[in-house]
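Asks: Take a look at this one; I'll ask things after.
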Ligand code: SF4
């Protein structure tokens, strides 16, 4: 399958009152047509910053993208980091679209839903108003909003949380983008609606053959939809793999901790859910060694001194952790973590 997006050595920092915060520290990945990539990690790990960098949505006044190290965001081979704001505006919404946790960040509360979707079609396409409204209605039907013709004439506040999320997806997909970036699309919703929205994203992705980047703190929601997963911690990718590798053969202690905090259906009620102690490091003064060291139960002396190299386990799975160094002391490690 054709590679449509390549992110190369992305470094993003922000000027803050306290100093320069290094939010993304050398991120590489690619995305193929029709593929779903999940970027998973706690808040502040750099996952949202990475996706906003792709969209060109980071605030200009305090963001620095370090191009000296060869940072590139290639969309069909063209570097988006070199694009003017005008050119990015043409791409945003038509070729690459984004949906957020809170639909109200995308929906205009004072405009009827149908008019909003039609307007986003009119901005990017040379079609008549009637045609744009016809396509807007088709989009509402595509995202399975009941009574779509009536719903076209309603305002966002007349929609429930789940329906509003569907309307936002309809708007994001109105111009049939090649990539949909979904940032915590289900976090604000209850569990049943969450599952419905994830199913919807999965089926639309197949129907429109678009690529999806799913950004979330919750590994549990990605199992059924992702092709590949990358786990981020303190601005770096610490492990990547396909769904089976991450869920059944994960090799990084942080991925393990995330997995242990996912509620399981077949569990006895007395079992308490694992919660990871401590907080991620301060990114104004990021540590020299492994950023996870202060929270890691397997940490060794070397971990605090030097950042671990990536160990490659398969075409799809890599892990940056000293435990996989040939000389590491792996006594006491869970069997499945030693590969
Ligand atoms: Fe833990 Fe060391 Fe691996 Fe970091 S490098 S995750 S501290 S074992």
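The values are calculated or read from the model by the stated rules, or taken from the named source; none is laboratory data. Bear in mind the structure is a predicted one, so any value in this text is a computation, not a measurement. Note that we place each Cβ from the backbone using ideal geometry, even for glycine, and neighbour counts take in every protein chain shown.
Asks: Is there any pair with a first residue in the stretch 301-330 that is over 29 Å from residue 36 (Cβ atoms) and a second that is more than 9 Å from the ligand (Cβ to nearest atom) whose Cβ atoms are under 6 Å apart and which are 6 or more apart or on different chains, and what are they?
Replies: Matching pairs, first to second residue: 330/338.
Asks: Here's a follow-up. Can you report the number of residues in the stretch 308-326 which are within 13 Å of the ligand (Cβ to nearest atom) and either surrounded by fewer than 17 Cβ atoms within 10 Å (Cβ to Cβ) or not in a loop (DSSP other than H, G, I, E, B) (or both)?
Replies: 9
Asks: Please verify whether the stretch 232-246 includes one or more residues that are under 25 Å from residue 282 (Cβ atoms) and surrounded by fewer than 23 Cβ atoms within 10 Å (Cβ to Cβ).
Replies: Within the stretch 232-246, one or more residues are under 25 Å from residue 282 (Cβ atoms) and surrounded by fewer than 23 Cβ atoms within 10 Å (Cβ to Cβ).
Asks: Only one residue in 60, 87, 67 is closer than 26 Å to residue 126 by Cβ and loosely packed, with under 15 Cβ neighbours inside 10 Å, so which one is that?
Replies: It is 87.
Asks: Is it the case that some residue within the stretch 198-214 is touching a residue at least 12 places away in the same chain (Cβ under 8 Å), under 13 Å from residue 47 (Cα atoms) and more than 13 Å from the ligand (Cβ to nearest atom)?
Replies: Scanning the stretch 198-214 turns up at least one residue that is touching a residue at least 12 places away in the same chain (Cβ under 8 Å), under 13 Å from residue 47 (Cα atoms) and more than 13 Å from the ligand (Cβ to nearest atom).
Asks: Which one is modelled with the lowest pLDDT among residues in the stretch 262-283 that are within 23 Å of the chain's Cα centre (by Cα) and more than 16 Å from the ligand (Cβ to nearest atom)?
Replies: 264
Asks: With respect to residue 100, determine if the residue is closer than 21 Å to residue 197 by Cα, in contact (Cβ under 8 Å) with a residue 40 or more places away in the chain and crowded, with 16+ Cβ neighbours inside 10 Å.
Replies: yes
Asks: Give me the residue from the stretch 247-261 that is outside any helix (DSSP H, G or I) and touching a strand residue (DSSP E or B) at 6+ places or on another chain (Cβ under 7 Å) and, out of that set, nearest to the ligand (Cβ to nearest atom).
Replies: 252
Asks: Also, quick follow-up: Specify which of the listed residues (229, 213) is at pLDDT 90 or above, closer than 22 Å to residue 336 by Cβ and surrounded by 16 or more Cβ atoms within 10 Å (Cβ to Cβ).
Replies: Every option except 229 fails the conditions.
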